[in-house]
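The values are calculated or read from the model by the stated rules, or taken from the named source; none is laboratory data. Keep in mind it's a predicted model, so treat the numbers as computed, not measured. Using ideal geometry, Cβ is built from the backbone for each residue, glycine included, and neighbour counts are taken over all protein chains shown. Keep in mind that these areas ignore ligands, DNA and RNA; they rest on the heavy atoms of the full protein, side chains included. Shrake-Rupley method; radii C 1.70, N 1.55, O 1.52, S 1.80 Å.
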Amino acid sequence: MAGKFSQFGNDLYSGKRSFDIIGHRRRWYLIACGLVVFSLALLLARGLNLGIEFRGGSEFTVSGASTTASEPAQEALNSVDANQVARVSVVGGNSVRVQTEALGADDTEAMRDALAVAYGVDATQVTSSFVGPSWGQDVTAKALQGLVIFLVIVTVVMALYFRTWSMAIAALVALLHDLVVTVGLYAGVGFEVTPASVIGFLTILGYSLYDTVVVFDKVRENTAHVLDQSRVTYAEASNLAVNQTIVRSINTSVVGILPVASILFVGAFLLGAGTLRDIALSLFIGMIVSTLSSIFLASPLETTFRLRRPAYREHTAKVLARRAASADADVTITSDDVRSEADRVTALLPGGHQGQAAQPKRKKR
Amino acid sequence: MARRSTIARPLYVLALLLVAIYGAVGIGVATGSSGVGKASFTPALALDLEGGTQLILTPRTTTGEDITSDDVNQAIAIIRQRVDGSGVAEAEITSQGGQNIVVAIPGEVDDTTVDLITQSAQMRMRAVLIESGPGTIDPAALEASEDPTADPSADATAEAGTDATAEAGTDATADATEEPTATPTYTQDQIDEAAFTAADADGDGVLSNTPATTPTDASDQAWVTEQVTYDYLRLDCTLPENRIGGIDDDVDAPLVTCSQDGTSKYVLGPAELTGQDLSSAQMGYKQSSTGMQTNQPIVQLTFTDEGATKFATVTTRLSAQTTPPANQFAIVLDGLVISAPTVNEPIPNGMAEISGPTTNPFTRAEATSLANQLNFGALPLTFEVQSQEQISATLGTEQLQRGMLAGAIGLILVVAYSFLQYRGLGIVTVASLVIAAALTYGVILVLSWTQGYRLSLPGVTGLIVAIGITADSFIVYFERIRDEVREGRSLSAAVEHGWTRARRTILASDAVNFIAAIVLYLLAVGGVRGFAFTLGLTTIIDLVVVMLFTHPLMRLLIKTRFFGGGHKWSGLDPVSLGASVAAYAGRGRVRTPVERKAAVANADTRTIAQRKADAERAAREAAAADATSTVAGTTASDPDATAADQGATSAGTEPATAPPTEPSTKAPGVVPVPSATDEPEGGSR
């Protein structure tokens, strides 16, 4: 399998096989817009299932419960406050988590005892927590603040590193796309949004850029001398770079996603609700989305931004005109075409002797 | 070509680093030394893994004033005093996000402790009625202490409460100060009884709590009722549980309390000023009588207008007294005396300064600390409970175990995938991951020892996620090497050239990750912080490992025959990577694509020097061997080459231009023609 895969990688690298990703950029923009709209619709329709940290309330955890059914919890809650509905979830192997609206100190004690009886455990096995309603707001405010600061710093750093704004802006747009889609899909899955999942969303910021930086590094390398020659357009050189990094993107993403997937698996099937599952799900969605966006969104966007500059537009027109003139319609761009002049071997036509006058002369004394 | 020892130098540095980290921890464990945490070969666990109670408090002012980070630190100091005093071991109190205070207490916590922690802290100023050393009454010295009001005269020279230690220490003959050493020999009952006898001045067997005469002012000794005396005599300020603070003192009644550091105890009159009367306090330098600034640190107080009036009255009254402690007033923060300066003169303008005792002046740090405490007291601060969480230890253990399981599965999958994709290079990935894991674990041990770092569940998750992100940089590096091989470089050149390119990419992407981690960490609330921390840590370790381990290891491995020779299973086989050979063959001749393919199939990755050496060796062997076998086995030794040759021939190019007779290194008996060095092979650029 690896042999075929590396052959695939070779062909993509040399340009023998090539996906026209940049050329179909309008298609990708449409898909990306569709995804964003879909995510926003999911967000609006289903809403975020906010965890107790954001709602405020009381939470009880029964360890070593004899049953993990939810009815005993509801009955226990009814004995304290008949008007409330308990949110019951299974945590770990045999622990039950019961969330209620905020209860007073007396009610909390009563609820603890009732739960202990209901699940046949000692009262010390029932732990209670209280979360104030403003706690989650603080987390959210900090998260948003962090987001804005991060975006500003990173845009500047990327602009400095790539020495062009078009790359920084394209990476930023791709990043926002990833964030919206991740949050939307997370809402769609319907897991609770806890501080742990917020951590996941924020980590996606770093990961999305990581992928994009790797791709853009190759794009920059391929297009460094693109204006000095007239065989390939900027879009073609950029497309080759994307194709050359596809294998690398697939490999880094698979390797990045494997541990996250194993956390998600363990979290979802063995542990139930909790920190591990929430972080893992947001990371899992986010990593896949950001890998795709680094290939299908960031680079096409970068090309679009780049081609707004007159120099690149004129260059593209020149190359296409030249190609039309030579009637060489079927062109394959290979890795040789994007090498710098110094690296390229260009002796495609044999030379002829031009006579003795062409030879270097010895200086007369 | 760099010598092996130069290449290996980073590896030595890395080994030294590992030995230093684990050696330090080992020495720490052996000597049992403890920094903030305890040296151990297992990292300290946070509450969510260990079980316990976590309170998140937000200090708020009732007047809506802003709270500075100094105030938050002061609030933490006060909460710490309360928690430590209540006998809770290993409570961890930290500020988070600059505004919240997180109190993490292992084990179960009862409601009284919670109430104690969340109480608001008040500052009052009270006149000192009685001051003495910290111990209880000595039943044996009962006679001497029958008149407790006489004792404090021993502290006649006390100028500020902070110097009470020095005074009490030298005052060996004063009865009250001897108690700390004597106390253990008496039971609480004996002390109570002695105190009762001493306090019951009128001998009626009942402790009255009404002043004998109506007090004329706050400094009147009539405030010291029998009950107050009893409390005072029983109080043992050497015990931390008596210095918990958090006492919401009655402003109109006298107060029996300890100094914050437990070096003396006091009977204080009713409160005369509260924290709100103080406008601000700051550290300054004393001015000499000529108005010159000296280098003696002092604390300058500024009162509000109302406070200034009250303070003027108090200072006028106190300065009229000549014998300490009657001319002292105590500043009580959270029910404990933080300072009890002597009043030298009336202060009418609301601008006061507290200087240290003449014998033992303030240091800069002491003055700053007192000023911070005063500023904190000037705020009417309450603590709002944001969340109170009990975490069961069994649940935490389960989560940790499952987390480790997830990590193990993830690690195995990553290793399996990298073997599948990179064949022999998978070994490099595994070795690098092992080194990264060892480094990370060591750094966490050191941090949990010296900085009190605790590993939380989000932290563990961060570590697991980091496996993938760390392996990413190896992949970036390997793919770069492969790219260079595809471009037609020799393997050793590809390793060097690929590194210079990969390094830039790795640096840039790690920088992005690191910025993310720092921003998350600085603004973090709750569990985000643990995650951000491990993420940042592993990013740095990733860089260290790639620079000091992976790259040097590649340089060493490329010298081996397996990797350097581009063995089929090494993951660096130029043939399967479709390496291309330069189109220009030299001497004005250009290779056709078919020729180039053939050249690749025959790729000789040796350098010119190696080729010469091999040729010489082959020549020597040939001379030594029987001369008759020289023609045997030249073309059949490499089936690939033959196949490629045939391909070249069938494509209709001149077979002579392909290098079909390039000998394999092992083929005996053939002396390569010198022109072999002119062949522009994959490795010749």
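How many of the residues in the range B:472-497 are within 12 Å of chain A (Cβ to nearest Cβ) and either open to solvent by 10 Å² or more (accessible area, probe 1.4 Å) or within 37 Å of the chain's Cα centre (by Cα) (or both)?
We begin by selecting, within the range B:472-497, every residue within 12 Å of chain A (Cβ to nearest Cβ); these are B:472-489, B:497.
Now drop any that are not either open to solvent by 10 Å² or more (accessible area, probe 1.4 Å) or within 37 Å of the chain's Cα centre (by Cα) (or both), which leaves B:472-480, B:482, B:486-487, B:489, B:497.
Of the residues in the range B:472-497, 14 are within 12 Å of chain A (Cβ to nearest Cβ) and either open to solvent by 10 Å² or more (accessible area, probe 1.4 Å) or within 37 Å of the chain's Cα centre (by Cα) (or both).
Restricting the search to the range A:184-236, which residues are touching a strand residue (DSSP E or B) at 6+ places or on another chain (Cβ under 8 Å) and among the charged types (D, E, K, R)? Outline the logic, then answer.
So in the range A:184-236, the residues touching a strand residue (DSSP E or B) at 6+ places or on another chain (Cβ under 8 Å) come out as A:186-187, A:190-193.
Correct list: A:Glu192 only.
Condition check: within 14 Å of chain A (Cβ to nearest Cβ), buried (at least 23 other Cβ atoms within 10 Å of the Cβ) and part of a strand (DSSP E or B). Does B:Gln390 satisfy that?
Working: within 14 Å of chain A (Cβ to nearest Cβ): yes; buried (at least 23 other Cβ atoms within 10 Å of the Cβ): no; part of a strand (DSSP E or B): yes.
Against the criterion (within 14 Å of chain A (Cβ to nearest Cβ), buried (at least 23 other Cβ atoms within 10 Å of the Cβ) and part of a strand (DSSP E or B)), B:Gln390 does not qualify.
Somewhere in the range B:453-464, is a residue basic (Lys, Arg) and farther than 30 Å from B:Gly564 by Cβ?
Yes: one or more hits.
Which helices (runs of 4 or more DSSP H) sit wholly inside the range A:1-85 and have at least 3 residues that are within 12 Å of another protein chain (Cβ to nearest Cβ) and surrounded by 14 or more Cβ atoms within 10 Å (Cβ to Cβ)?
Working: elements: A:2-14, A:25-46, A:52-55, A:71-80.
Correct list: A:2-14, A:52-55.
In the list A:Leu281, A:Leu270, A:Leu276, which residue meets the criterion of being open to solvent by 10 Å² or more (accessible area, probe 1.4 Å) and within 7 Å of chain B (Cβ to nearest Cβ)?
Details: A:Leu281 fails: within 7 Å of chain B (Cβ to nearest Cβ); A:Leu276 fails: open to solvent by 10 Å² or more (accessible area, probe 1.4 Å).
The conditions single out A:Leu270.
Okay, residues lined up against (1) surrounded by fewer than 17 Cβ atoms within 10 Å (Cβ to Cβ); (2) within 20 Å of the chain's Cα centre (by Cα); (3) within 12 Å of chain B (Cβ to nearest Cβ):
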position: A:Gly132; (1), (2), (3): no, no, yes
position: A:Leu147; (1), (2), (3): no, yes, yes
position: A:Leu160; (1), (2), (3): yes, no, yes
position: A:Ala170; (1), (2), (3): no, yes, no
position: A:Leu176; (1), (2), (3): yes, yes, no
position: A:Thr182; (1), (2), (3): no, yes, no
position: A:Tyr186; (1), (2), (3): no, yes, no
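For the range B:7-25, name all the residues that are open to solvent by less than 50 Å² (accessible area, probe 1.4 Å) and in contact with a Gly (Cβ under 8 Å, 6 or more places away or on another chain).
B:Leu18, B:Ile21, B:Val25 - these are the residues of the range B:7-25 that are open to solvent by less than 50 Å² (accessible area, probe 1.4 Å) and in contact with a Gly (Cβ under 8 Å, 6 or more places away or on another chain).
Scanning for something surrounded by fewer than 16 Cβ atoms within 10 Å (Cβ to Cβ) and either small (Gly, Ala, Ser) or at negative phi (or both), does the range B:368-380 turn up at least one residue? Reasoning before the result, please.
So the first thing to find is which residues in the range B:368-380 are surrounded by fewer than 16 Cβ atoms within 10 Å (Cβ to Cβ), and the list is none.
No, because not a single residue in the range B:368-380 is surrounded by fewer than 16 Cβ atoms within 10 Å (Cβ to Cβ) and either small (Gly, Ala, Ser) or at negative phi (or both).
For the range B:281-341, please list each of the strands (runs of 3 or more DSSP E) lying entirely inside it that holds at least 2 residues being within 44 Å of the chain's Cα centre (by Cα), without any contact (Cβ under 8 Å) to a residue 40 or more places away in the chain and surrounded by fewer than 20 Cβ atoms within 10 Å (Cβ to Cβ). Outline the logic, then answer.
Details: elements: B:293-303, B:329-333, B:336-339.
Answer list for the range B:281-341: B:293-303.
Which residues, taken from the range B:393-406, are in contact (Cβ under 8 Å) with a residue 40 or more places away in the chain and either facing another protein chain (nearest Cβ under 7 Å) or of a type in the set (Asp, Glu) (or both)?
The answer is B:Thr394, B:Leu395, B:Gln399, B:Gly403, B:Ala406.
Being modelled with pLDDT under 85, in contact with a Lys or Arg (Cβ under 7 Å, 6 or more places away or on another chain) and of a type in the set (Ser, Thr, Tyr) narrows it down to one residue among B:Ser448, B:Ser490; which is it?
On the way: B:Ser490 fails: in contact with a Lys or Arg (Cβ under 7 Å, 6 or more places away or on another chain).
After applying the criteria, what remains is B:Ser448.
Looking only at the range B:75-91, which residues are surrounded by fewer than 21 Cβ atoms within 10 Å (Cβ to Cβ) and modelled with pLDDT of 75 or more?
Within the range B:75-91, B:Ile76, B:Ala77, B:Arg80 meet the criteria.
Quick one: would you say A:Glu109 is in a helix (DSSP H, G or I) and in contact with a helix residue (DSSP H, G or I) (Cβ under 8 Å, 6 or more places away or on another chain)?
Judged against the criteria, A:Glu109 is not a match.
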